[in-house]
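The values are calculated or read from the model by the stated rules, or taken from the named source; none is laboratory data. All figures in this text were calculated on a predicted structure; none of them were measured in a lab. Methodologically, a virtual Cβ is constructed for each residue, glycine included, from the backbone with ideal geometry; neighbour enumeration extends over all protein chains shown. Protein only, heavy atoms only, side chains kept; ligands, DNA and RNA dropped before computing areas. Shrake-Rupley method; radii C 1.70, N 1.55, O 1.52, S 1.80 Å.
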Amino acid sequence: MGTNSRLKDKVALISGAASGIGAAHAKVFASEGAKVVIADIQEDKGSEVLNTITESGGEAIFINLDVTDKNAWNSCVMEALKAYGKLDILINNAGIFHPGGLEEETEEGWQKIMDINLKGVFLGMKACIKELKKTGNASIVNISSLYGIKGAPGSISYNVSKAGVHLATKAAALEYARLGVRINSIHPGQIITPIIANLTPEQDSAIKESIPMGRSGQPEEVAYTSLFLCSDEASYITGAQILVDGGWGAG
Ligand code: NAD
């Protein structure tokens with residue numbers, strides 16, 4: 001691990017941390033001195049992330065968490081407290097994508113995306129907020145999407161779920177602005193992770209043509225944005241949305 005310490009002694013719970021953007025958060029945060037709770041339904045991949053962190057001298061634990069389950073969230077927070085005694089940071093990152101326009105998407109598909117992407121964020125903030133408030137200097141980052149700000153054809157459920165995360169972030173930020181918890185959202189564009197394997201080839205090439213910087217992003221480029229938001233450097237930032245998208249949302 002690096003010798004940096006922008007999150008020294010902070011405890012960070014990261015949902016969906018077994019893969020992609022969440023795994024990058026876990027590694028970057030641990031390298032900056034945070035004690036990391038890797039929370040995910042994928043035990044094997046979560047253990048790989050855990051091993052990478054501990055082998056580099058960082059501190060982390062893995063907890064099996066299904067973000068759609070209120071009881072699982074409550075026991076996850078209890079386990080985190082048992083391990084590290086407090087909670088300073090929550091990254092609500094777990095999410096899924098499947099393509100589906102108005103005529104193709106099913107009621108079941110809609111519900112599944114809403115449960116994981118939107119209810120999961122609500123339950124996460126709800127389960128963690130009491131402990132976060134206790135620190136007096138806490139931070140939540142909700143991973144929304146550029147698709148939470150602008151519409152896209154062929155992914156109506158995903159669009160709506162991420163727009164919900166966008167406004168849930170602002171609503172909660174206003175509630176806790178004077179209570180020591182800053183709450184912001186990040187809106188990635190196209191980032192190279194397993195989730196984009198679910199794009200149709202047409203969606204994938206349309207996206208690539210639209211990115212002004214001419215390339216997709218790396219998971220670490222999202223994690224470093226969260227690192228800033230969760231550090232004391234961002235002490236006056238709450239209720240904000242930050243696009244990490246190579247300029248895609250600017251046009
Ligand atoms: P990913 O598939 O690599 O990672 C998602 C993680 O969420 C996986 O580890 C998965 O096991 C976990 N997860 C799924 N359902 C879960 C559940 N019920 N409970 C707990 N964990 C669960 O994808 P990613 O690209 O790293 O996605 C991370 C977040 O970033 C998602 O919210 C996604 O919508 C968002 N995002 C990604 C992109 C992109 O282009 N990759 C763009 C915009 C937003």
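The number of residues in the range 223-244 that are under 15 Å from the mean Cα position of the chain (by Cα) and in a loop (DSSP other than H, G, I, E, B) comes to 1. Using the structure shown, decide if D115 is within 11 Å of the ligand (Cβ to nearest atom) and in contact (Cβ under 8 Å) with a residue 12 or more places away in the chain. Yes, satisfied.
Under the condition of being of a type outside the set (K, R) and open to solvent by 50 Å² or more (accessible area, probe 1.4 Å), which residue from the range 3-37 is nearest to the ligand (Cβ to nearest atom)? By that ranking, first place goes to N4.
The requirement of being within 11 Å of the ligand (Cβ to nearest atom), assigned to a loop (DSSP other than H, G, I, E, B) and closer than 17 Å to A17 by Cα is fulfilled nowhere in the range 74-88; no residue meets it. Determine if the range 180-191 includes at least one residue that is more than 11 Å from the ligand (Cβ to nearest atom) and β-branched (V, I, T). Checked against the condition, which is being more than 11 Å from the ligand (Cβ to nearest atom) and β-branched (V, I, T), the range 180-191 yields at least one hit.
Counting only residues that are open to solvent by 40 Å² or more (accessible area, probe 1.4 Å) and part of a helix (DSSP H, G or I), the range 89-139 holds 14 of them. Return a yes/no flag: does the range 195-214 have any residue that is in contact with a Leu (Cβ under 9 Å, 6 or more places away or on another chain) and at pLDDT 95 or above. Checking the range 195-214: not a single residue is in contact with a Leu (Cβ under 9 Å, 6 or more places away or on another chain) and at pLDDT 95 or above. With respect to the conditions (1) in contact with a Leu (Cβ under 6 Å, 6 or more places away or on another chain); (2) open to solvent by less than 40 Å² (accessible area, probe 1.4 Å), K70 lacks only one, and its number is (2).
Within the range 167-200, being part of a strand (DSSP E or B) and β-branched (V, I, T) holds for V181, I183, I186, I191. Kindly provide the set of residues from the range 38-61 that are open to solvent by less than 20 Å² (accessible area, probe 1.4 Å) and out of contact with any Asp or Glu (no Cβ under 8 Å at 6 or more places or on another chain), ordered by number. I38, A39, D40, V49, G58, A60 - these are the residues of the range 38-61 that are open to solvent by less than 20 Å² (accessible area, probe 1.4 Å) and out of contact with any Asp or Glu (no Cβ under 8 Å at 6 or more places or on another chain).
The numbered conditions (1) under 26 Å from P99 (Cβ atoms); (2) within 14 Å of the ligand (Cβ to nearest atom) are all true for S226 except (1). Hey, does the range 56-65 have a residue that's over 17 Å from the mean Cα position of the chain (by Cα) and assigned to a helix (DSSP H, G or I)? No; the residues of the range 56-65 include none that is over 17 Å from the mean Cα position of the chain (by Cα) and assigned to a helix (DSSP H, G or I).
Of all residues being over 22 Å from the mean Cα position of the chain (by Cα) and open to solvent by 70 Å² or more (accessible area, probe 1.4 Å) in the range 195-221, which is nearest to the ligand (Cβ to nearest atom)? Just the residue, please. Taking the candidates together, the pick is K208. Scanning the range 156-165 for any residue that is out of contact with any helix residue (DSSP H, G or I) (no Cβ under 7 Å at 6 or more places or on another chain), among the polar types (S, T, N, Q), open to solvent by less than 30 Å² (accessible area, probe 1.4 Å) and part of a helix (DSSP H, G or I) turns up nothing. Checking the range 160-174 against the condition returns no match, with no residue being on the phi < 0 side of the Ramachandran plot, at pLDDT below 95 and within 15 Å of the ligand (Cβ to nearest atom).
Filtering the range 70-103 to residues that are under 20 Å from N137 (Cβ atoms) and not small (G, A, S) leaves V77, L81, Y84, K86, L87, D88, I89, L90, I91, N92.
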